[in-house]
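Colleague: Please find one structure pasted underneath; my questions will follow.
Every read-out reported here was derived from the displayed coordinates using simple, explicitly stated rules and does not represent laboratory data. This is a predicted model, so every value here is computed, not measured. Virtual Cβ from ideal backbone geometry, glycine too; neighbours counted across all protein chains shown.
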């Protein structure tokens, strides 16, 4: 499966989002947190100023990329 902007790597399904500033990035993180909670699937992420990196993998499946990860990636893209 291919989700625009996301790349499957050995670590998981990855994407880096760029925003104008920290406030926009943090607002995005907050929205992603709410969507992740609804999906009961939580990302690994990091934030540096206006950049947010998200890595999705299913920990209880041995840190593999599964349908849950693709579903959450689609939902995250819908926030943009």
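Colleague: Return the single residue from 50, 12, 62 with maximal mean-square fluctuation; model: Gaussian network over the chain, springs between Cα atoms under 10 Å.
Modeller: 62
Colleague: Pairs of alpha-carbon atoms within less than 8 angstrom and 6+ residues apart define the contacts here; what relative contact order does the chain have, in percent?
Modeller: 35 percent
Colleague: Another question, then. For the residue pair residue 51 and residue 63, what label-to-label distance in nm results when each label sits 7 Å from Cα along the Cα-to-beta-carbon direction?
Modeller: 2.2 nm
Colleague: Only one of the listed values, (i) 6.0; (ii) 4.4; (iii) 4.8, was derived from the coordinates as mean projected area of the Cα convex hull in nm²; which label is it?
Modeller: Structure-derived value, by its label: (iii).
Colleague: Taking 7 Å along the Cα-to-C-beta vector as the label spot, tell me the residue 24-residue 74 distance in nanometres, rounded to one decimal.
Modeller: Here the modelled spin labels are 2.7 nm apart.
Colleague: Taking the chain as a Gaussian network, where each spring joins two C-alpha atoms under 10 Å apart, which residue of 18, 37, 61 fluctuates the most?
Modeller: Answer for the Gaussian network model of the chain: 61.
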